Structures are given as structure tokens and as C-alpha cells.
1. Which pairs do you get when a residue that is surrounded by 22 or more Cβ atoms within 10 Å (Cβ to Cβ), found in region 208-223, comes within reach of a residue that is at pLDDT 95 or above and of a type in the set (Lys, Arg), reach meaning Cβ atoms under 8 angstrom, with the pair 6+ apart or on two chains?
2. Would you mention how many residues in region 180-202 are outside any strand (DSSP E or B) and open to solvent by 40 Å² or more (accessible area, probe 1.4 Å)?
3. Could you please tell me which pairs satisfy a Cβ distance under 9 Å, a separation of 6+ or placement on different chains, a first residue in region 1-23 that is acidic (Asp, Glu), and a second residue that is open to solvent by less than 10 Å² (accessible area, probe 1.4 Å)?
4. Does region 167-186 include one or more residues that are under 18 Å from residue 43 (Cβ atoms) and among the hydroxyl-bearing types (Ser, Thr, Tyr)?
5. Here is a list of conditions, (1) surrounded by fewer than 17 Cβ atoms within 10 Å (Cβ to Cβ); (2) at pLDDT 95 or above, and residue 117 meets all of them except one; can you say which number that is?
6. Filter the helices (runs of 4 or more DSSP H) completely within region 91-179 down to those with at least 2 residues that are of a type in the set (Val, Ile, Thr), touching a residue at least 24 places away in the same chain (Cβ under 8 Å) and within 28 Å of residue 199 (Cβ to Cβ).
7. Which of (1) over 30 Å from residue 145 (Cβ atoms); (2) in a loop (DSSP other than H, G, I, E, B) is the odd one out, the single condition residue 45 does not satisfy?
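The values are calculated or read from the model by the stated rules, or taken from the named source; none is laboratory data. Everything numeric here is computed off the predicted structure, so don't read it as measured data. Note that we place each Cβ from the backbone using ideal geometry, even for glycine, and neighbour counts take in every protein chain shown. When the accessible area is computed, the model is the full protein with side chains, heavy atoms only, and any ligands, DNA or RNA have been set aside. Shrake-Rupley method; radii C 1.70, N 1.55, O 1.52, S 1.80 Å.
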Amino acid sequence: MNVVILQPSYIPWRGYFDQVRRADLFIFYDDIQYDKHGWRNRNQIKTHQGKQWLTIPVNSKGVTSGIPIKDVRIDWSKPWAKSHLKSLTIAYSKSPYFKSYLPLLESMFERKDETLADFTIETSILLARELGFTSTRFMRSSELSNVDGQKTDRVINVLKQVGATHYLCGPSASSYMEPEKFADAGISFEYMQYNYPEYPQLHLPYDQFVSILDLLFMTGKDAIKYF
């Protein structure tokens, strides 16, 4: 069984969803420490002025004290959802398939989840299904019990609990991952390779490292051809 373990992120890029596509079981790693300046609550879109950050505000109290991702709460005192929808509309209203996905966008931004993880996990699953990845199962690492250890050891403990036989890992983890330990655990190991074809974009230069929404708005149901 192919398993991927990744932290939940906000409207992630194509590579994130490629890992969803390749996984039999995709585990949202939601019980590890929140990284304040990572991709958990923000991502980028293309605009005529260059890339723009869309950031979900979170309640800052306790965020710097090592709380797990699953406990980070969205700051709903700010009208960020309305702002993000407006920014996406301004940036992509002239894209070929924006109107087709507008109802999906509106349903996403009508959500009122209390925690960041609830919002990002549920919207990521929604987008994965929209891309046609219907066979992948999803779960959260916080659903498992007695998962201990650090870094590689903890990942292996998670994989053992779910019965994984193969682990697909993002290349950014190479700085701390210990592949030799997977062989000892009887689990094969593979780093992802992000070699994707270019697709039309509204604003040059081409940049693949933006939210998956860019690909959907530009290619519609043909998005899968660009994985």
C-alpha cells in the first residue's frame, strides 16, 4: 500500500496533489508542530503584478509555543475569506475556466471552520476529488494512537500502524529523513520527482509553484494531463 504523509496546507500546489494522486492512503500530518512561516495557512497565486500571497489569519496566541497544527485556530475577526475570493476573481476572471469553478470557490469560502486544519484538510480533499482523484483514502495522523519518536522514527511508526508497504516522500524532507531505516522496517522508500509539463498561464513568466487553482482555472478538466 502506497502511503503519503504531508502536513495540511492551504490550496496547495500541483506537486502536493500529485502525491495525493499516487497514494492509496494520504495522511494529513496534523499533530506535529505548526510552522508559522510555512505553507499551512498561505499560498501564492499569479496576478498581472506578479505573485501574490493569500494568507489565512490565525489567532497568534500560543502559535509560537510549539502547538500542533490541529490546534491552530482561524482568526475570523478579519474578513479574509471575502478578500481571498475577491483576489482570485480579480486575478483569474479572464481565465478560460474561472466561471466553471466559481461555485466551488464560493462553497470553500463559505466554510466557517474553527480550526485551520479543518478548513485546509476539507478543502484539499474537495479539490482532490474535483481533479478526479477518487480512489485515494484520507485520514489524519491525530486519529492514530501511541505514535511516538522523532522525525524518521515517528514517520515509520505512523506507516506501521496503517500497514504501509511503500512510502512516497517529498524531496524537501531529504535534509532530515533517514531512508535506511525504512528498509529495516520492511517499507520501500521513494522521493517524489516534480517533473511537470508547462501549461498556459495568464501572466508571464511561467511559474509552476503556485496554487493548484491556477492550473484548474487555466485547463479545466484537462488538468490531469499536466501531472
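1. Taking only residues 6 or more apart or on different chains, the pairs are 212/14; 214/46; 215/14.
2. Initial filter on region 180-202 (outside any strand (DSSP E or B)): 180-187, 192-202.
Next, only the ones that are open to solvent by 40 Å² or more (accessible area, probe 1.4 Å) stay: 180-181, 183-184, 186, 193-195, 197-198, 200, 202.
So the answer is 12.
3. 18/192
4. So far as region 167-186 goes, yes, one or more of its residues are under 18 Å from residue 43 (Cβ atoms) and among the hydroxyl-bearing types (Ser, Thr, Tyr).
5. Among (1) surrounded by fewer than 17 Cβ atoms within 10 Å (Cβ to Cβ); (2) at pLDDT 95 or above, residue 117 violates only (1).
6. On the way: elements: 98-109, 116-130, 151-162.
Of the helices (runs of 4 or more DSSP H) lying wholly inside region 91-179, those with at least 2 residues that are of a type in the set (Val, Ile, Thr), touching a residue at least 24 places away in the same chain (Cβ under 8 Å) and within 28 Å of residue 199 (Cβ to Cβ) span 116-130.
7. Every condition holds for residue 45 apart from (2).
Residue-wise test of (1) closer than 27 Å to residue 224 by Cβ; (2) over 17 Å from the mean Cα position of the chain (by Cα); (3) among the aromatic types (Phe, Trp, Tyr).
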site: 115; (1), (2), (3): no, no, no
site: 121; (1), (2), (3): yes, no, no
site: 134; (1), (2), (3): yes, no, no
site: 143; (1), (2), (3): no, yes, no
site: 148; (1), (2), (3): no, yes, no
site: 170; (1), (2), (3): yes, no, no
site: 178; (1), (2), (3): no, yes, no
site: 192; (1), (2), (3): yes, no, no
site: 197; (1), (2), (3): yes, yes, no
